[in-house]
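> Please find one structure pasted underneath; my questions will follow.
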Amino acid sequence: MELLTLEKLIKILNAYSVCDQSLDGNIIIERVLTQSIYANTGSAVIAARWYPLDKTVREALEKGACVVFCPECDAKKYNDPRIMAVKDPMDSVERFEKWCEKDCTAKRVTITGSVGKTTTTGLINTVISNMYPTLTRHSMSNSHGAILRGFQDLKPEHEYWVQEVGGVQPHYIESSAYMLHSDAVVLTNIGVSHLDKYLTQQEIFKDKSSLERYAKIDSVVIINADDPILKSAQYSHKVITFSMHDNTADYYCENVVPTYKGIELDVVCPEGRCHVTTNLLGDYNAYNVLAAVAVGKWAGIPLEQISKSISLYKPSGMRQNMLNIGGYRLLVDCFNAEPKTVLGSAQTLAQIRLDQPGRKIFITGHIDKLGEQSIQMHTELGYQLSELDIDMMIFYAGDSRYSYEAVKKAGYKNAIYFDKRNELDEWIRKNINRNDITFYKSGQFKAALVKTIDHVYGTHFQNEQQGNEGIIRLEKNFLFKLRQDDIIEICGYQGNETALKFPSQYNGKNVIRISAAAFRRKTDIISVQIPDSVVNIGQEAFYVCTSLKQITLPQSLKCIHRSAFNFCRNLQTVNLPYGCLHIEMRAFRDCVKLKEITIPPTVGYIGEDVFGGCDQLVIICEENSYAEQYAKENKIRYRLQTFNKNN
């Protein structure tokens, strides 16, 4: 995108000032947004109708935005030169998007649906981008504001743009569909998410199918033929179908086999058939695979190449992610939930074969945005769950009480309901073992089980929640990142001290994390003392701190992420606290003077090449511990010691 000045942006938007003072037209605009939460110095914000106007204006200016555009009647209230008027903010967004897309000819693939659309988008991204120059977006970039940011990232060299589109209320998707002007539209299903706003499934379909109504004349619509609403609908473009159960569909599957690593299946289509292996757990992911194959073939990619690309796709973050955290086996799928997907997740857990003695534990919670049907849907879900071969089910918060009551009435004995998060957290700490496999399934709002996972295991899944990018504040030379739910991270230092004692609080709230790359290449730091409140040290937090000799780790520490202390060439001793769980790959690689590290028996995972290049190292560990096993397998010298919680 060419250099954008304020003067040029004003002309594009047909904006005008309602204040006696004026701004410098030569100001460079780095980003145009509708979501003020992402604003910073160099941003311009258009106050579109999807977001509260007063909050948008206030937050945008607080975060340093150069200018905010809103309707004239509102702009006049502020009498601020940074607030300019436009006739219609939504029209202004369209004007700017048209300006961004000039000279860009990328074919646009848009994906929407009630559930499964993000995994489908991820698979399509992988398939298309392995063949063509492709604009791909972050897995949660599906809002109206995210699409505006996508237009700004579009370049003439892109041959494809793969864009997920989410809906939260009537006409929300439609407001983007006109400008997206899709070449291919994928409709995954029509469920019950956001019934609180749409009220009926037909209204959900009406908004989501607007992508097809506004698509190019020669575009295609690719639909799930097993969804009754999608199958019975009328379309104005060529229809391509996919199905798990109907072999008359254009793309269907056979021989779906669940494995511990992911499903395998045979895809049958007009061009032939291919075998596909995935890293996706759950039969329902066959739909996502079929949609990706259909898009790949539409884009002219050979079946063999499509299959290979799909096999490379791995879910991440809080979506369908199988993890080993400190030796505890977790399945995390906590971005979105509706009754159908909660049941599908539980069915997936029931199908998994344990490779050692242990329990299958399913933890779920209140399902958001079901409207007036919430109690009924939670109750029906409970009866369905009671039929599954799962050792224990845990329900948390809100209307999940009705699911709990239903499973108990149906005769399922090992179910527990928690109404308070701290009680759920404590139960998990005391009752889940490393031989168990635990599936966490929820949405992001009332239940938000990623909060519990973070509390128990010291992870940072909450960082991936929508709108949780955080804001930066400076105090006493330390940079703090403030996120939702009172999460405080230290993310940098701007002073001259070389012996650093990190503050334990900011504004009365405990510091619990050191951000990724917070002190990366701070080569003058000699010693660091981290407060006991910190549970997580981020990726490359102290990478190439070549003068760092001494570090005092917090007693609450749970996780040390990848390359956290990589290339700290003067670090000599490290004492991990009792209760630490997890050390990721290369965490201490090339710490060439590291002579001794104490690893308590609570550590249940040490990643690949953690101590590569540490030729002088001796690991101090307990007999029969994971650390002793790791030392033996990696031919690292070790010394045995008895540990207790007070070590």
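The values are calculated or read from the model by the stated rules, or taken from the named source; none is laboratory data. No experiment lies behind these values; they were computed from the predicted model shown. Cβ: placed from backbone, ideal geometry, glycine included. Neighbour counts: every protein chain shown. Just the protein is used for accessible areas: all its heavy atoms, side chains included, with ligands, DNA and RNA removed. Shrake-Rupley method; radii C 1.70, N 1.55, O 1.52, S 1.80 Å.
> Once the Cβ-Cβ distance between ASN507 and ASN247 is put in as r, and R0 is 45 Å, what FRET efficiency do you end up with, to the nearest 0.05?
Taking R0 as 45 Å, the efficiency between ASN507 and ASN247 is 0.15.
> If you roll a 1.4 Å probe over the stretch 558-647 with all protein chains in place, what percent of the accessible area is carbon or sulfur?
39
> Explain nothing, just the number: relative contact order of the chain, from Cα pairs under 8 Å at least 6 residues apart, as a whole percent.
Taking the mean separation of contacting Cα pairs over the length of the chain, I get 7 percent.
> So, in Å, what gap is there between the alpha-carbon centers of the stretch 307-383 and the stretch 572-647?
33
> Let me ask something else about it. Rg(Cα) of the stretch 337-465 divided by 2.2 N^0.38 Å?
Working it through for the stretch 337-465, the quotient is 0.99.
> Students often check this: by mean Cβ neighbours within 10 Å, which of 312-318, 531-537 ranks highest, and how do the rest follow?
Ranked from most to least packed, the peptides come out as 531-537, 312-318.
> Provide the three semi-axes, in whole Å and in decreasing order, of the ellipsoid equivalent to the stretch 559-647 as defined by the square roots of 5 times the Cα gyration tensor eigenvalues.
19, 13, 12
> Working out 0.36 nm times the residue gap between LYS231 and GLU608, then minus their Cα-Cα distance, what length gain in nm do you get to one decimal?
130.9 nm
> Another question about this same structure. With a cut-off of at most 10 other beta carbons within 10 Å, and DSSP calling the residue loop, which GluC sites (Glu not before Pro) in the stretch 1-64 qualify? Please list them.
GLU2
> Using a probe of 1.4 angstrom, how much of the accessible area of the stretch 160-213 is carbon and sulfur, in percent?
Of the solvent-accessible surface of the stretch 160-213, carbon and sulfur hold 53 percent.
> Extension gain GLN373-ASP532, at 0.36 nm per residue separation less the Cα-Cα distance, in nm?
Using 0.36 nm per residue and subtracting the Cα-Cα distance, I get 52.7 nm.
> What is the gain in length, in nm to one decimal, between VAL592 and ASN40 on full extension, counting 0.36 nm per residue of separation less the C-alpha to C-alpha distance?
The span from VAL592 to ASN40 would gain 194.7 nm if fully extended.
> DSSP loop (so not H, G, I, E, B), at most 15 other Cβ within 10 Å: list which trypsin sites (Lys or Arg not before Pro) in the stretch 349-406 pass both filters.
Answer by residue number: ARG353.
> So how strong a dipole does the stretch 440-573 carry about its Cα centre when Lys and Arg Cβ are +1 and Asp and Glu Cβ are -1, to the nearest 20 debye?
So the dipole magnitude of the stretch 440-573 works out to roughly 160 debye.
> Rounded to whole Hz and in sequence order, give me ³J(HN,Hα) for the stretch 148-162 from the Karplus expression 6.51 cos²θ - 1.76 cosθ + 1.60, θ = phi - 60°, writing x for Gly and Pro.
4, 5, x, 4, 6, 8, 5, 10, x, 6, 5, 9, 9, 10, 9
> Count neighbours as other Cβ atoms within 10 Å of each site's Cβ, and list the GluC sites (Glu not before Pro) in the stretch 120-189 that are DSSP loop with at most 12 such neighbours.
Loop-located and lightly packed - GLU157.
> Label 7 Å along Cα→Cβ of LYS430; the stretch 589-626 residues with amide nitrogen under 17 Å?
none
> Explain nothing, just the number: relative contact order of the stretch 400-475, from Cα pairs under 8 Å at least 6 residues apart, as a whole percent.
18
> Oh, and also: Looking at the P(r) of the stretch 350-400, how many percent of alpha-carbon pairs lie beyond 17 Å?
Distances greater than 17 Å cover 43 percent of the Cα pairs.
> If I histogram all Cα-Cα distances within the stretch 65-177 using bins 5 Å wide from 0, what percent of pairs lands in each bin?
Taking every Cα pair in the stretch 65-177, the percentages come to 2, 11, 18, 19, 17, 13, 9, 6, 3, 1, 0.
> If you don't mind, there's one more thing I want to ask. How long are the semi-axes of the ellipsoid equivalent to the stretch 505-613, from square roots of 5 times the Cα gyration tensor eigenvalues, in whole Å, largest first?
The equivalent ellipsoid of the stretch 505-613 has semi-axes of 19, 17, 12 Å.
> On a C-alpha basis, how far is the centre of the stretch 137-202 from the centre of the stretch 505-524 in Å? Whole number, if you could?
So the two Cα centres are separated by 36 Å.
> What is the Cα radius of gyration of the chain over 2.2 N^0.38 Å, N being its residue count?
This ratio for the chain stands at 1.03.
> Given a 1.4 Å probe, how much area per residue of the stretch 281-432 is accessible, in Å²?
Here the residues of the stretch 281-432 average 41 Å² of exposed surface.
> Between ASP391 and ILE416, what is the spin-label point distance in nm, taking each point 7 Å from the Cα along the Cα→C-beta axis?
Placing both labels 7 Å beyond Cα along the Cβ direction yields 1.4 nm.
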